[in-house]
Amino acid sequence: MRFRIEQRFRGALPDVEAALFDPAFLTRLATLPKLGAPELLDQESDDTSIRQRVRYQFTGDVSSAVRRVVDPRRLTWVEESTHDLTTHVTTWRIVPDHYGSMIRCGGTFTLVPEGEGTTTRRIAEGDIKVNVPLVGGKVERAIVSGLEEHADAEVDVLDRWLAES
């Protein structure tokens, strides 16, 4: 399933970009529902890129049908990403800690300045494939819906972060 999610942040692109890769901002994301506290595993940067790995855990409710197939405590994954500081494009992929054969997900985040440079749009485009017979498509739609919900909440957290900085 192909998806696209857009966010608009109240901040200039350099400020938004810096916040998104600030370990302290990642800690702030723990205030969002359903994902628990992100764990920065590693981050490396040079003059042109930032590479990082962040572990997440789904902490929301799952239906009894989902619990028949997966253990909710094992719904953890690592987001591996490489951000190009010149194009402002991040290439990312999800690496499940468990159930790796059941899901594939990856894509790009693109940061675009708007409004005379006072706001920044982030465009997430990706593909997700859940390899579970009969219900894979339904699970894909539920995951994308969750990603959209998370993206909406993340805008508020980032906007507050920028206002406080």
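Every number here is computed from the coordinates shown, using simple stated rules; none is lab data. Computed from a predicted structure; not experimentally measured. Here Cβ is always computed from backbone atoms with ideal geometry, including for glycine, and neighbour counts include all displayed protein chains.
Distance distribution P(r), segment 2-164, all Cα-Cα pairs, bin width 10 angstrom from 0: 10, 38, 36, 13, 2, 0 percent.
Calculate the dipole size of segment 2-164 relative to its Cα centre from +1 charges on Lys and Arg beta carbons and -1 charges on Asp and Glu beta carbons; express the result in debye to the nearest 20.
Numbers: 21 positive and 27 negative charges, 202 e Å.
Its charge dipole is roughly 980 debye.
For the pair Val69 and Thr27, the difference between a 0.36 nm per residue extended length and the Cα-Cα distance amounts to 12.1 nm.
Electrostatic bookkeeping for Asp127 treats Lys and Arg as +1 and Asp and Glu as -1; over the other residues with beta carbon under 12 Å from its beta carbon, the sum is +3.
Between helix 136-164 and the chain there is an angle of about 30 degrees, using the helix long axis and the longest principal axis of the Cα atoms. A simple spin-label model places pseudo-atoms 7 Å from Cα toward Cβ; at Val62 and Asp156 they are separated by 2.6 nm.
When only C-alpha pairs under 8 Å and at least 6 residues apart count, what is the relative contact order of segment 1-108, in percent? Rounded, it is 17 percent for segment 1-108.
I need the GluC sites (Glu not before Pro) found in segment 75-136, filtered to DSSP loop residues with at most 10 other beta carbons within 10 Å of theirs. Walk me through the numbers before you get to the answer.
Numbers: sites: Glu79, Glu80, Glu114, Glu116, Glu125; in loops: Glu116.
Hits after loop and neighbour filter: Glu116.
Using Cα centres only, tell me the gap between segment 136-158 and segment 35-71 in whole Å. When both Cα centres are located, 13 Å separates them. When the chain is treated as a Gaussian network with alpha carbon springs shorter than 10 Å, the biggest mean-square fluctuation among Ala142, Ala151, Ala12 belongs to Ala142. Taking the charge dipole of the chain about its Cα centre, with +1 at Lys and Arg Cβ atoms and -1 at Asp and Glu Cβ atoms, the residue from Ala142, Ile50, Asn131 reaching farthest to the positive side is Asn131. With K and R counted +1 and D and E -1, the other residues having a Cβ less than 15 Å from that of Met1 yield a net charge of +2.
Rounded to the nearest 500, what is the chain's calculated 222 nm mean residue ellipticity when only DSSP H runs of at least 4 contribute -39500 (n - 2.57) each, over all residues? Before the final figure, lay out the partial values.
Working: 4 runs with 47 residues, N = 165.
Counting only the DSSP helices, I get -9000 deg cm²/dmol.
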